[in-house]
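Since the structure comes first, as structure tokens, the remarks are kept for the end.
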Amino acid sequence: MRDVVNNAGLNVTDKLTFYENDSIYVEILVDNKVNSQLKGKYFLDTESKTLTTIINDETSFRSEVIKLTETEMELKDEKTDKTTRFIRF
């Protein structure tokens, strides 16, 4: 899924790949070139409608799942209240 909201003023996007074994792969692209790559784990709690990601076994992010369909995912970060929309491609 690719982050389609860019508030940084730069051509920066995130590409997230979720795997069935609860692992996640993150690519951060600047001007369509890979700037950094990160690996981690995720946990989707369907009762509380939250997605928790742990990157490099140390950094944890928890987001409220606003929308989750076959083609889109909208997450609201619990710390910053920022909503990010991802589109499957």
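Listing for the model above:
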quantity: Highest to lowest packing among 62-69, 16-23, scored as the average C-beta count within 10 Å; calculated: 62-69, 16-23
quantity: Heavy atoms of residue 45 accessible to a 1.4 Å probe, total area in Å² rounded to 10; calculated: 50 Å²
quantity: Lysines whose Cα lies under 20 Å from that of residue 79, excluding same-chain neighbours fewer than 8 positions away; calculated: 41, 49, 67
quantity: Solvent exposure of the chain as accessible area per residue, Å², 1.4 Å probe; calculated: 71 Å²
quantity: Accessible surface of the chain [probe 1.4 Å, protein heavy atoms]: carbon and sulfur percent; calculated: 48 percent
quantity: Separation of the residue 22 and residue 85 label points, Cα + 7 Å toward Cβ, nm; calculated: 3.1 nm
quantity: The chain, relative contact order in percent, only Cα pairs under 8 angstrom and at least six apart counted; calculated: 22 percent
quantity: All-pairs alpha carbon distance profile, segment 35-89, 5 Å steps from 0, percent; calculated: 5, 18, 25, 28, 20, 5, 0, 0
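The values are calculated or read from the model by the stated rules, or taken from the named source; none is laboratory data. None of these values were measured; they are calculated from a predicted model. Methodologically, a virtual Cβ is constructed for each residue, glycine included, from the backbone with ideal geometry; neighbour enumeration extends over all protein chains shown. Each accessible area value is taken on the protein alone, full model and side chains, heavy atoms only, with ligands, DNA and RNA left out. Shrake-Rupley method; radii C 1.70, N 1.55, O 1.52, S 1.80 Å.
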